[in-house]
Amino acid sequence: MAVTGSVRVRLAPSPTGTLHIGTARTAVFNWLFARHHGGSFLLRIEDTDRERSKPEYTANILEGLHWLGLDWDGEPVIQSERIEAHRAAIAQLLASGHAYRCYATEAELVAMRELQQAQNRAPRYDNRHRDLSPEQERAFVAEGRQAVIRFRIDDGAVITWPDLVRGEMRWAGSDLGGDMVIARRAPADQIGDPLYNLVVVVDDAAMAISHVIRGEDHIANTAKQLLLYGALGHTAPLFAHTPLILNQEGKKLSKRDGVTSISDFQAMGYSAEALVNYMTLLGWSPPEGMGERFSLEQAAAVFEFGRVNRAGARFDWDKLNWLNGQVLHGLGAEPLRQQLLPLWAARGWGTGTGPWAEADWQRQLCELLAPSLTLLADGVEQATPFFTRPEPDAAALAQLASDGARPALVALLSLLPAGDAALSAEQAQALLAQAASQAGVKKGVLMKSLRAALLGSLQGPDLVSTWRLLHPSGEDRLRLQSSSTVP
Ligand code: GLU
């Protein structure tokens with residue numbers, strides 16, 4: 001569908017929790033669409049649930065969006081500050097006859113639903129107070145009853161809209177649960193707290209939103225909201241309903257699945273770049289030839305709803321990890337060092353005197369470790385034997401105790417050139433071959449034993465580079481391990 005006019009989209013998070021991956025993914029799609037069309041991406045904080053909304057959640061949401069690089073235009077709109085506009089719209093609907101006061105008590109509504117259930121009917125409000133006479137209303141008020149305000153939904157209404165993701169949509173008014181509450185219970189001469197569907201329509205219209213992009217769990221709300229647009233005399237925006245994010249079992253991803261907050265992913269060491277890249281792939285297929293690794297700007301250049309899937313998007317940790325690794329591998333030694341420095345410093349590493357405190361040595365270490373990093377935290381774990389002298393693990397101990405290991409290390413030590421000379425790769429290889437033949441072991445045995453002695457483990461990066469980086473403390477480690485295994 002061609003986009004005409006200026007694009008204005010919004011993210012409307014409720015600050016009742018930290019920034020959830022689903023909300024962040026909605027933000028990504030809004031941002032991509034806005035930037036693709038040179039439009040505006042606005043924020044509205046939907047804080048009308050006074051009990052559950054908290055300023056720290058608003059702060060977490062804004063920080064999370066900022067961290068992900070999803071910059072918004074202008075100041076966020078604070079929904080609670082717009083309550084007079086919401087009340088005015090309700091007053092307008094009361095005056096035009098689109099809305100009315102319903103005095104049914106909670107107990108009456110429960111009894112109504114129980115009866116519907118007993119008769120195997122879908123629960124819905126039966127519109128019982130839709131056409132009260134002024135006398136009936138006065139009688140309820142005299143009884144001391146308070147009223148909610150309901151918006152009329154005609155059962156015969158047919159609501160249709162062209163959804164940018166899902167195509168032509170169609171809802172029957174009779175499937176919307178009866179006349180909907182738009183203001184909470186209050187004394188009959190007042191307008192109670194306005195509710196979600198009403199305030200969203202009033203605010204989206206006031207903000208001149210052109211496209212509402214949100215999760216498919218809002219589809220029924222969209223049908224209700226379209227009726228409100230009509231009754232209030234506003235032009236409705238276009239709608240795009242994005243697929244839900246699913247867990248491994250194919251169910252909607254929820255708090256029970258563990259990590260779902262952007263700040264959790266951040267704390268686990270995922271980079272914003274990888275996470276935002278991954279979220280773009282959650283429901284959107286990039287055009288052929290683009291691959292799966294790209295920046296937000298690159299995605300914005302080609303983003304369109306035609307490539308957003310209807311089916312739910314399964315959360316795939318392997319792909320996220322792969323992307324995070326790609327980001328780290330491509331970072332370059334110095335930017336990686338900058339990111340790792342605070343984590344190293346937290347362990348007291350990288351300071352004092354010695355090669356490890358030098359930027360150049362640290363960059364070489366980053367270069368050595370980069371290809372095997374998945375998370376930034378791996379750059380702490382894998383750097384451990386370079387900053388501290390490791391205790392050999394069980395496999396390393398077994399290797400050091402195995403046949404030929406000690407003689408090979410002793411031979412290597414005896415062949416090492418005296419003084420402070422660091423070896424070139426060729427010299428090192430030649431030396432290893434010579435030491436192995438002198439000790440009468442295969443070169444592999446020596447390599448494994450050397451790795452065990454230097455790193456305390458049989459796993460690790462390239463041995464020659466490791467040796468060079470550890471110089472001169474590598475010789476000490478070698479001496480220690482070759483002598484400690486002497487009976
Ligand atoms: N506050 C709503 C939510 O967080 C906004 C939905 C919408 O975009 O209209 O689900």
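Considering only residues that are open to solvent by 40 Å² or more (accessible area, probe 1.4 Å) and either closer than 20 Å to SER96 by Cα or within 16 Å of the ligand (Cβ to nearest atom) (or both), which ones fall in the range 167-194?
VAL181, ARG184, ASP189, GLN190, ASP193
Could you check how many residues of the range 454-480 are open to solvent by less than 20 Å² (accessible area, probe 1.4 Å) and in contact (Cβ under 8 Å) with a residue 60 or more places away in the chain?
Here the count works out to 8.
Please state which of the following conditions VAL28 fails to meet, knowing it meets all the rest: (1) open to solvent by 20 Å² or more (accessible area, probe 1.4 Å); (2) in contact with a Ser or Thr (Cβ under 9 Å, 6 or more places away or on another chain); (3) aliphatic (A, V, I, L, M).
The failed condition is (1).
Only one of these conditions is not met by GLY156: (1) part of a strand (DSSP E or B); (2) free of Cβ contacts under 8 Å to residues at least 24 places away in the same chain. Which number is it?
(1)
Show the residue pairs that are 6+ apart or on different chains and have beta-carbon atoms under 6 Å apart, the first residue being within the range 10-22 and among the small types (Gly, Ala, Ser), the second being assigned to a loop (DSSP other than H, G, I, E, B) and within 8 Å of the ligand (Cβ to nearest atom).
ALA12/GLU46; SER14/GLU46
Identify the single condition in (1) farther than 16 Å from ALA59 by Cα; (2) open to solvent by 20 Å² or more (accessible area, probe 1.4 Å); (3) within 21 Å of the chain's Cα centre (by Cα) that HIS20 does not satisfy, given that it satisfies every other one.
Just one mismatch for HIS20, condition (1).
Within the range 245-258, can one find any residue that is among the charged types (D, E, K, R), within 15 Å of the ligand (Cβ to nearest atom) and modelled with pLDDT under 95?
Scanning the range 245-258 turns up at least one residue that is among the charged types (D, E, K, R), within 15 Å of the ligand (Cβ to nearest atom) and modelled with pLDDT under 95.
Is it the case, given these coordinates, that ALA274 is open to solvent by less than 40 Å² (accessible area, probe 1.4 Å), of a type in the set (A, V, I, L, M) and either in a loop (DSSP other than H, G, I, E, B) or within 16 Å of HIS36 (Cβ to Cβ) (or both)?
No: the conditions fail for ALA274.
Just name the residue that is farthest from ILE245 (Cα to Cα) out of those in the range 31-41 that are open to solvent by less than 20 Å² (accessible area, probe 1.4 Å) and touching a residue at least 60 places away in the same chain (Cβ under 8 Å).
Only one residue fits best here, namely GLY39.
Scan the range 273-288 and tell me whether some residue there is in contact with a His (Cβ under 8 Å, 6 or more places away or on another chain) and charged (D, E, K, R).
Scanning the range 273-288 turns up no residue that is in contact with a His (Cβ under 8 Å, 6 or more places away or on another chain) and charged (D, E, K, R).
Taking the condition of being outside any loop (DSSP other than H, G, I, E, B), under 30 Å from LEU336 (Cα atoms) and open to solvent by 10 Å² or more (accessible area, probe 1.4 Å), how many residues in the range 236-270 meet it?
5
Kindly list, by first and then second residue, each pair from a residue in the range 342-357 that is open to solvent by less than 60 Å² (accessible area, probe 1.4 Å) to a residue that is of a type in the set (D, E, K, R), limited to pairs with Cβ atoms under 7 Å and residues at least 6 apart or on different chains.
none
Examine the range 214-235 for a residue that is touching a Gly at 6+ places or on another chain (Cβ under 7 Å), outside any loop (DSSP other than H, G, I, E, B) and among the small types (Gly, Ala, Ser), and state whether such a residue exists.
There is at least one residue in the range 214-235 that is touching a Gly at 6+ places or on another chain (Cβ under 7 Å), outside any loop (DSSP other than H, G, I, E, B) and among the small types (Gly, Ala, Ser).
Here are some residues: ALA220, ALA205. Which one is within 27 Å of PHE303 (Cα to Cα), buried (at least 19 other Cβ atoms within 10 Å of the Cβ) and of a type outside the set (Lys, Arg)?
The conditions single out ALA205.
Could you check HIS37 against (1) within 30 Å of SER6 (Cβ to Cβ); (2) under 25 Å from the mean Cα position of the chain (by Cα); (3) within 16 Å of the ligand (Cβ to nearest atom); (4) not polar (S, T, N, Q) and say which number it fails?
(3)
Given the criteria over 21 Å from the mean Cα position of the chain (by Cα) and in contact (Cβ under 8 Å) with a residue 12 or more places away in the chain, does LEU94 qualify?
Taking the combined requirement at face value, the residue satisfies it.
Scanning the range 1-34 for residues that are away from the ligand (no atom under 16 Å from the Cβ) and among the hydroxyl-bearing types (Ser, Thr, Tyr), which turns out nearest to TYR196 (Cα to Cα)?
SER6
Can you tell me which residues in the range 224-235 are away from the ligand (no atom under 13 Å from the Cβ) and either under 19 Å from THR23 (Cβ atoms) or buried (at least 22 other Cβ atoms within 10 Å of the Cβ) (or both)?
LEU227
Pairs please, first residue from the range 310-336 and without any contact (Cβ under 8 Å) to a residue 60 or more places away in the chain and part of a helix (DSSP H, G or I), second anywhere and aromatic (Phe, Trp, Tyr) and open to solvent by less than 40 Å² (accessible area, probe 1.4 Å), Cβ atoms under 8 Å, 6+ apart in sequence or on different chains.
Filtered contacts from the range 310-336: LYS319/TYR278; LEU320/TYR270; LEU320/TYR278; LEU323/TYR278; ASN324/TYR270.
The values are calculated or read from the model by the stated rules, or taken from the named source; none is laboratory data. Fair warning: this is a prediction, and the values are worked out from it, not measured in the lab. As a convention, Cβ positions derive from the backbone with ideal geometry for all residues, glycine included, and neighbour counts pool all protein chains shown. Accessible surface is based on the protein model in full, side chains and every heavy atom, while ligands, DNA and RNA are left aside. Shrake-Rupley method; radii C 1.70, N 1.55, O 1.52, S 1.80 Å.
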